[in-house]
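Computed from the coordinates by the stated procedures, all read-outs in this text should not be read as laboratory data. It should be emphasised that the depicted structure is a prediction, and the values quoted were computed from it without experimental measurement. In this analysis, Cβ positions are derived from the backbone assuming ideal geometry, glycine residues included, and neighbour counts consider all displayed protein chains.
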Amino acid sequence: MDARAGSPIFCVGIPTQMKRLYFSFTLLLTFFSFVYCGDGTPVIESIDGNKITTASFESAFDTALDTLSRTQNIEKKNVIKFLTEEESKVPQSFLQLRNEFRKRKFFDRYHEMMVVKSAADKSGFSKRSDIKEILKFQEMQLIYGMYIAEQIESRIKITEQELAYGCQELRAKYKQAEALTLEQCYDAARAQIKGKKSEEVYKSVLDRIKETVAIKHNDKFDLEKYLDKEFTFPDVKKDETPTPSAEETKAPEATPTPAPEANK
């Protein structure tokens, strides 16, 4: 096991699916609109007459950090730490995303997104009903994840004693943890404790959320019958090849081989 921050004890709460992370980052930028036009800060450029200022760009960067923190359940201070520390101390799984948050790289991506969004808006792409439905579904997914995470966060309390005990367990389990500073050890312990407690309170948090919403079922609708029938797709033709019967699929019985006669 690697002693650096990429080892298992550091990977609790760290993103492991870079595609999903990158998608969240990309989706975030697609929701940005051209605002901050008169915030009094220097104008970087205009895209179809819409100004991007230093304030709007820096605000977009901060929002991206908040989004990453919320959607991946990583404390914002740790996100910032991973972006600013020397590479050898950064978890391997974070290195690719770390490059995306370099100022120049982030601006290039932000600029590109804004240009494409402007073109999409002008072409009417953004107003298409299918695109609106996709964005609405993605928005619902983001709100679902972030709201539950925030409610869980408010229910979790970690004491100094728990951190000390958790750190002690890590040092006993992983020899490399002995080289960690107390702060690093506490961060690793906090991530593990937080993950465990999140699983413990998830159901109760979800139940409490449901209690705040009025849900009325239609007693005349047979939901179970409806759900038992799978979705049908008009463009998919059913396989008309008859399913072989049990007799047809039954393996032929082996014919016993007669034993050779003994030599007389």
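Quick notes on this structure:
- Between the amide H of THR53 and those of ILE44, distances stay under 5 Å, these residues lying 5 or more places away or on another chain, with hydrogens modeled in the peptide plane.
- In straight-distance terms, cross-link reach from LYS229 covers every one of the lysines whose alpha-carbon lies under 20 Å from its own, apart from those fewer than eight places away in the same chain; here that gives LYS220, LYS237, LYS238.
- Anchor LYS103: lysines whose Cα lies under 28 Å away (excluding residues fewer than 8 positions away in-chain): LYS19, LYS51, LYS76, LYS77, LYS81, LYS89, LYS117
- The simple Förster model, with R0 at 41 Å and r as the Cβ-Cβ distance, assigns ALA214 and ILE80 a FRET efficiency of 0.50.
- Net length available on complete extension from THR63 to SER118 is 17.8 nm, with 0.36 nm assigned per residue and the Cα-Cα distance removed.
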